[in-house]
Protein chains: 2
Amino acid sequence: MDPIRIAIVGMGKIARDQHLPAIAGNRAFGLAATVSPHDPGVEGVPHFAGLDDLLASGPAVDAVALCTPPQVRHDLASSALARGIHVFLEKPPGATLGEVAALQAQADKVGASLFAAWHSRFAAGVAPARAWLAERTIERVTITWREDVRVWHPGQAWIWEPGGLGVFDPGINALSIVTHILPRPIFLRGAKLEIPANRVAPIAADMTFSDTGGAALHMDLDWRQTGPQSWDIVVETDAGTLKLSQGGAVLTLPTGTDHAEDHEYPALYARFATLIRTGRSDVDVAPLRLVADAFLRGTRVTTNPFVD
Amino acid sequence: MDPIRIAIVGMGKIARDQHLPAIAGNRAFGLAATVSPHDPGVEGVPHFAGLDDLLASGPAVDAVALCTPPQVRHDLASSALARGIHVFLEKPPGATLGEVAALQAQADKVGASLFAAWHSRFAAGVAPARAWLAERTIERVTITWREDVRVWHPGQAWIWEPGGLGVFDPGINALSIVTHILPRPIFLRGAKLEIPANRVAPIAADMTFSDTGGAALHMDLDWRQTGPQSWDIVVETDAGTLKLSQGGAVLTLPTGTDHAEDHEYPALYARFATLIRTGRSDVDVAPLRLVADAFLRGTRVTTNPFVD
């Protein structure tokens, strides 16, 4: 089979750190173009300032990976789908639930593959955690997601704007794992969002959820963590405690601890290739729906201004 | 067929004004009980302080109509569904999207009917508006929903609490109509929410949407309207302008104006009976999803305190 000719749109940190190496390492894909108004692109690969320029005058592409901020993702995806081009959406898949639903309907109509990628679901410990939990009764879940925004999101103004999700940008990674590994659906019970006085997006959130079997979940999400960082999910069950740490990379079961190599983005691209080859889409909005519910249902408190 | 034995849970204004007469007027139903901690109930009908009391020691019921504030609706619905009892959810169907999805999964599992009722969709002008618009190209939609909260929601503290939606409690009626009459899905482009300094819920909102064909929608939603009230939807098309006014009761087409009798709640109960008799559910979350998207994506501005 010919390689899938793919363009990367939005040449920011995640595109350079993860997408370029994952595409280079997968023979199913060939990098056909890059798109960014700011970035010089990659030597030897055609580069365009905007997706419209690529579509109007560039080389043919079969697929695009959208790595832009979420606020502009819908219109780019819709332009691509309108030409039957397959679309990989970085997380979160959009700025609203409605626009993602509209893209899904469009993809179904034109027969293109739409992939809402949740990279944390492909962390090494996640698949075995899901398999182990499938047999258990869940009693309690504790999610601690505390990181230093200055270290991980320096100068990313969009992340603080409406549609940028604030601290839910990393928090949605935890939610993508939890909604994948637990055997039952979860829903929000309550949320308290802390908003810096000079910002519109939350810097911290304290949330409770239930699963449909009655298990209680608590999530502590905070962007003000200095020193050691925490990306931990602890699941207490009738057969002992499971812990996923380092964002899903390390899995501890009652029988011991496993720490496998990181393969999130290579696994995402393998999945995307399979979706394209089999004519399917994969658009699970459950993590974004939980965030929307937290904004809808949560209380808000104003906290200290945040200065980058 | 024996009548469907139904209990009303939450004997507030909407239950007395609309649900009791609609049930009394439909031979498919028999009122078996009422439930409310505050209300004395209806003479000659068994009354209970809570749903648990009814389920533990009351007469058998086949269905419940949940007319409580949305914040407590999920747990009541889940208790009923767990016993195979059909559930009618007043609008909005819940305080979050996730809890409604969980109820839908539960209803499917137990084979009970779940009905997310959007009463404005049964206003007299809505069905003919939908039929007329099905053939048209939509160019522009203008929604003006301006009412006086002091007149329509006196003393309803829950409506200002998280999960109570504030001005979106009436606004979701407009959204339920628009998502029903337009031939294509719509999604949010932007929202500005005005929050009184002493409240957590919005008192006004200015929103823009697109449909998937590119038509532009604008919605002006306000609870501070004194004097004449406005519940109007104007749809400009390639074949002229359609106007729904008085909340959907009055339909004006290029050919003239129709104003039929109000039959929203009788139509809702006829629909609920059909769902039960045919073993189906009807749970469209599109209106609530648009509201969640407005909370997620919108900007917020603080406005004058609101005192009842």
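Output the residues belonging to the stretch B:117-175 that are over 17 Å from B:Met219 (Cβ atoms), acidic (Asp, Glu) and modelled with pLDDT of 95 or more.
The answer is B:Asp148, and nothing else.
Regarding the stretch B:169-180, can at least one residue be identified that is under 20 Å from A:Gly190 (Cα atoms) and surrounded by 21 or more Cβ atoms within 10 Å (Cβ to Cβ)?
The answer is yes; a qualifying residue exists.
Do you know which residues across the stretch A:129-174 are under 19 Å from the mean Cα position of the chain (by Cα) and acidic (Asp, Glu)?
A:Glu147, A:Asp148, A:Glu161, A:Asp169
Does the stretch B:180-192 hold any residues that are more than 10 Å from every other protein chain (Cβ to nearest Cβ) and not in a loop (DSSP other than H, G, I, E, B), and which are they?
Selection gives B:His180, B:Ile181.
Scan the stretch B:196-210 for residues that are facing chain A (nearest Cβ under 9 Å) and in contact (Cβ under 8 Å) with a residue 40 or more places away in the chain and report the count.
Residues in the stretch B:196-210 being facing chain A (nearest Cβ under 9 Å) and in contact (Cβ under 8 Å) with a residue 40 or more places away in the chain: 2 in total.
Check whether at least one residue in the stretch B:38-46 is surrounded by 22 or more Cβ atoms within 10 Å (Cβ to Cβ) and either on the phi < 0 side of the Ramachandran plot or not in a strand (DSSP E or B) (or both), and report yes or no.
Looking through the stretch B:38-46, none of the residues is surrounded by 22 or more Cβ atoms within 10 Å (Cβ to Cβ) and either on the phi < 0 side of the Ramachandran plot or not in a strand (DSSP E or B) (or both).
Residue check: is B:Glu139 farther than 28 Å from B:Val72 by Cβ, in contact (Cβ under 8 Å) with a residue 60 or more places away in the chain and of a type outside the set (A, V, I, L, M, F, W, C)?
It is true that B:Glu139 is farther than 28 Å from B:Val72 by Cβ, in contact (Cβ under 8 Å) with a residue 60 or more places away in the chain and of a type outside the set (A, V, I, L, M, F, W, C).
For the subset of the stretch A:181-194 comprising residues that are over 11 Å from A:Arg300 (Cβ atoms) and among the charged types (D, E, K, R), which member is most open to solvent (accessible area, probe 1.4 Å)?
A:Arg184
Can you give me the number of residues within the stretch A:70-92 that are away from every other protein chain (no Cβ under 13 Å) and at negative phi?
Residues that pass the stated criteria total 10.
B:Thr226 is checked against (1) out of contact with any Gly (no Cβ under 9 Å at 6 or more places or on another chain); (2) farther than 30 Å from B:Asn198 by Cβ; (3) not in a strand (DSSP E or B) and fails just one. What number does that condition carry?
(2)
Yes or no, residue by residue, for (1) more than 30 Å from A:Arg289 (Cα to Cα); (2) open to solvent by less than 40 Å² (accessible area, probe 1.4 Å):
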residue	(1), (2)
B:Ile14	no, no
B:Phe29	yes, yes
B:Phe48	yes, yes
B:Ser57	yes, no
B:Ala65	no, yes
B:Pro69	no, no
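Go through (1) assigned by TED's automatic domain parsing to the domain that holds A:Pro128; (2) within 24 Å of A:Gly190 (Cα to Cα); (3) touching a residue at least 40 places away in the same chain (Cβ under 8 Å) one by one and return the number of the condition A:Leu296 breaks.
(3)
Just to check your reading of the model, which residue among B:Ala197, B:Ala270, B:Ala216, B:Ala260 is open to solvent by 40 Å² or more (accessible area, probe 1.4 Å) and touching a Pro at 6+ places or on another chain (Cβ under 7 Å)?
Just one listed residue meets the conditions, B:Ala197.
For the subset of the stretch A:296-307 comprising residues that are surrounded by fewer than 23 Cβ atoms within 10 Å (Cβ to Cβ) and among the hydrophobic types (A, V, I, L, M, F, W, C), which member is farthest from the other protein chains (Cβ to nearest Cβ)?
A:Val307
Please go through the stretch B:47-72 and pick out each residue that is in a loop (DSSP other than H, G, I, E, B) and within 30 Å of A:Gly190 (Cα to Cα).
B:Ala49, B:Gly50, B:Cys67, B:Thr68, B:Pro69
Of everything in the stretch B:93-128 that's within 16 Å of the chain's Cα centre (by Cα), assigned to a helix (DSSP H, G or I) and β-branched (Val, Ile, Thr), which residue is farthest from the other protein chains (Cβ to nearest Cβ)?
In this case the residue turns out to be B:Val126.
Being more than 30 Å from B:Leu288 (Cβ to Cβ), away from chain B (no Cβ under 14 Å) and among the hydrophobic types (A, V, I, L, M, F, W, C) narrows it down to one residue among A:Leu221, A:Leu253, A:Leu275; which is it?
A:Leu253
So, of the residues in the stretch B:1-17 that are assigned to a loop (DSSP other than H, G, I, E, B) and of a type in the set (A, V, I, L, M, F, W, C), which turns out to be farthest from B:Ile276 (Cα to Cα)?
B:Met11
Of the residues B:Thr278, B:Thr252, which is of a type in the set (S, T, N, Q), more than 30 Å from B:Val87 (Cβ to Cβ) and without any contact (Cβ under 8 Å) to a residue 60 or more places away in the chain?
Just one listed residue meets the conditions, B:Thr252.
The values are calculated or read from the model by the stated rules, or taken from the named source; none is laboratory data. Nothing here was measured: the structure is a model prediction, and the numbers come from that model. Here the Cβ is made from the backbone with ideal geometry for all residues, glycine too, and neighbour counts use every protein chain on show. Just so you know, the surface numbers come from the protein's heavy atoms only, side chains and all, with ligands and any DNA or RNA stripped out. Shrake-Rupley method; radii C 1.70, N 1.55, O 1.52, S 1.80 Å.
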